[in-house]
Amino acid sequence: MITTRESLNSILNKYPKNPEYLLPVLQDIQLEFHYLSEESLKSVSEKLGLPLTRVYSVATFYNAFSLQPKGKNIIQVCLGTACHIKGSPRLLDELVLVLGIKEGETTENGLFSVEAVRCLGCCSLAPAMMINGKTYGNVKPENITTILEEYKTKNHED
Ligand code: FES
């Protein structure tokens, strides 16, 4: 089994010791672990020969990076205009109710994180949401439990 340290090293080893690679390295780590841990930021700073403060400032500047651990399944609810008009805030309300977390939070079991986004690029399917990149269109609040069930089952089988 590959450890977190080994996965991190294999990302770091892909890049030369050059500060120019800061963004791609951080993107790879975010993609792999869904967040940037303190340990990973320190390792990036050592590997690229950059001050830790510089690595932190880039990591906190971009919205694409998170310094908090995220859930195994990332739920993105669209609050863009088209979805908003078709009632997407009610989807968010339902998720908050069913999962017991607010937008931007992760469930205690680490299974789900909920994020609100501005347009998923599929406005004709409004109201839309996405889970781990899979699009769900014309979603009604009463569909939420069934949709989440699929991910709970999947993760139990892992
Ligand atoms: S506004 Fe929701 S997908 Fe575009």
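Which Cys in the chain stand alone, with every other cysteine's Cβ at 4.7 Å or more from theirs?
That list is C119, C122, C123.
Just round it to a whole percent: the fraction of Cα-Cα distances in the range 4-61 exceeding 13 Å. Before the final figure, lay out the partial values.
Details: 856 of 1653 pairs.
Value for the range 4-61 (Cα pairs over 13 Å): 52 percent.
Using bins 10 angstrom wide from zero, how does P(r) for the range 40-87 break down, in % of all Cα pairs?
Per 10 Å bin, starting at 0, the Cα pair percentages come out as 20, 32, 25, 14, 8.
Straight-line reach from K154: which lysines have Cα under 16 Å away, leaving out those fewer than 8 places along the same chain?
Straight-distance partners of K154: K72, K134.
How compact and how long is the chain, expressed as Rg and Dmax of its alpha-carbon atoms in Å?
17.8, 52
So what is the relative contact order for the range 73-157, in percent, with contacts set as C-alpha pairs under 8 Å and at least six apart? Intermediate values should be presented prior to the final figure.
Values: 135 pairs, mean separation 30.1, N = 85.
Computed over the range 73-157, the figure is 35 percent.
Considering all alpha-carbon pairs of the range 113-158, what whole percent are spaced by more than 11 angstrom?
Details: 734 of 1035 pairs.
Percent of Cα pairs beyond 11 Å in the range 113-158: 71.
Using +1 on the beta carbon of Lys and Arg, -1 on that of Asp and Glu, and nothing else charged, what's the dipole of the range 1-121 about the Cα centre, debye to 20? Provide the component values of the computation, followed by the final result.
Details: 12 positive and 13 negative charges, 50 e Å.
Magnitude of the dipole: close to 240 debye.
Quote the Stokes-Einstein diffusion coefficient, in whole µm² s⁻¹, for the range 73-157, based on the Kirkwood radius over alpha carbon pairs, a temperature of 20 °C and a viscosity of 1.002 mPa s. It would help to have the intermediate numbers written out before the result.
Details: Rh = 12.6 Å.
Taking Rh from Cα pairs, D becomes 170 µm²/s.
Probe of 1.4 angstrom, ligands and nucleic acids ignored: what's the accessible area per residue over the range 1-114, in square angstrom?
Value returned for the range 1-114: 59 Å² of accessible area per residue.
Quick check: at a probe of 1.4 Å, how many percent of the accessible area of the chain sits on carbon and sulfur atoms? Mind showing how you got there, number by number?
On the way: 4890 of 9290 Å².
Accessible surface attributable to carbon and sulfur in the chain totals 53 percent.
With a cut-off of at most 12 other beta carbons within 10 Å, and DSSP calling the residue loop, which chymotrypsin sites (Phe, Trp or Tyr not before Pro) in the range 1-69 qualify? Please list them.
Working: sites: Y21, F33, Y35, Y56, F61, Y62, F65; in loops: Y35, Y62, F65.
Passing both the DSSP loop test and the Cβ count: Y62.
Contact order normalised by length for the chain, with contacts defined as Cα pairs under 8 Å and 6 or more residues apart; what percent is it?
Details: 220 pairs, mean separation 28.5, N = 158.
About 18 percent, as a whole number.
The values are calculated or read from the model by the stated rules, or taken from the named source; none is laboratory data. Since this is a predicted model, take the numbers as computed values, not measurements. Cβ coordinates were reconstructed from backbone atoms using ideal geometry, including for glycine residues, and neighbour counts include every protein chain displayed. Protein only, heavy atoms only, side chains kept; ligands, DNA and RNA dropped before computing areas. Shrake-Rupley method; radii C 1.70, N 1.55, O 1.52, S 1.80 Å.
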